[in-house]
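K.L.:
Sending over a structure as structure tokens; questions will come in a sec.
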Amino acid sequence: MTDPRGISAEARVEWSDTDAAGHYHHSTVIRWVEAAEAALLRSIGRADLFGVIPRVSYSVEYRGRVWFGDAVTTTLTVQRVGTSSLTYGFVVDGPNRQVAEGSMTVVHTGTSSTGSAPWPADVKSALQDL
């Protein structure tokens, strides 16, 4: 589902997503965020950006637990589009409450660049329009 500034992706907590305590493992959130990011990039016709937008910052606050079998919704929004960087905000909601919230920054590198590269004009425009 798309909202005016981003996208929401549904998932279910799988057995492999849980830790020894039985609730979701902290590393599961990044996979849910990246799945939402992939859906967002597909929605603007730019799934090809994977591989040229490495993560440079990731921050999350864990607010609650979800368990095996629970449905979650990850909502990813574009917070800021820079010359070569992009900062997403995200919220993960479980069946009864918010379970995680944070941000992730990626940088466009281009395919042959060793450093950052400006966003192509069409990509920057599409991301700013979200």
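K.L.:
For the stretch 84-116, which residues satisfy the criterion of being at pLDDT 90 or above, farther than 16 Å from A38 by Cα and out of contact with any Asp or Glu (no Cβ under 8 Å at 6 or more places or on another chain)?
P.N.:
Within the stretch 84-116, S84, S85, D93, N96, R97, Q98, T109, S116 meet the criteria.
K.L.:
To continue, here is another question. Considering only the stretch 23-54, state which residues are among the aliphatic types (A, V, I, L, M) and closer than 17 Å to G89 by Cα.
P.N.:
Filtering the stretch 23-54 for residues among the aliphatic types (A, V, I, L, M) gives 29-30, 33, 35-36, 38-41, 44, 47, 49, 52-53.
Result: V29, I30, V33, A35, A36, A38, A39, L40, L41, I53.
Results for (1) open to solvent by 40 Å² or more (accessible area, probe 1.4 Å); (2) assigned to a helix (DSSP H, G or I); (3) over 19 Å from V13 (Cβ atoms); (4) in contact with a Lys or Arg (Cβ under 8 Å, 6 or more places away or on another chain), shown as yes or no for each residue.
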| residue | (1), (2), (3), (4) |
| --- | --- |
| V60 | no, no, no, no |
| T75 | no, no, no, no |
| L86 | no, no, yes, yes |
| G89 | no, no, yes, no |
| T109 | no, no, yes, no |
| L130 | no, no, yes, yes |
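K.L.:
Let me ask something additional. Suppose the filter is of a type in the set (F, W, Y), open to solvent by 40 Å² or more (accessible area, probe 1.4 Å) and modelled with pLDDT of 95 or more; does F68 pass it?
P.N.:
Values: of a type in the set (F, W, Y): yes; open to solvent by 40 Å² or more (accessible area, probe 1.4 Å): yes; modelled with pLDDT of 95 or more: yes.
So F68 passes the test.
K.L.:
Would a scan of the stretch 26-36 turn up a residue that is over 24 Å from D129 (Cβ atoms), open to solvent by less than 20 Å² (accessible area, probe 1.4 Å) and assigned to a strand (DSSP E or B)?
P.N.:
No - not one qualifying residue is present in the stretch 26-36.
The values are calculated or read from the model by the stated rules, or taken from the named source; none is laboratory data. These numbers were taken from a predicted model, which means no experiment stands behind them. Neighbour counts are summed over all protein chains in view; Cβ atoms, including those assigned to glycine, are modelled from backbone coordinates with ideal geometry. Side chains included, ligands, DNA and RNA excluded: accessible areas come from the protein's heavy atoms. Shrake-Rupley method; radii C 1.70, N 1.55, O 1.52, S 1.80 Å.
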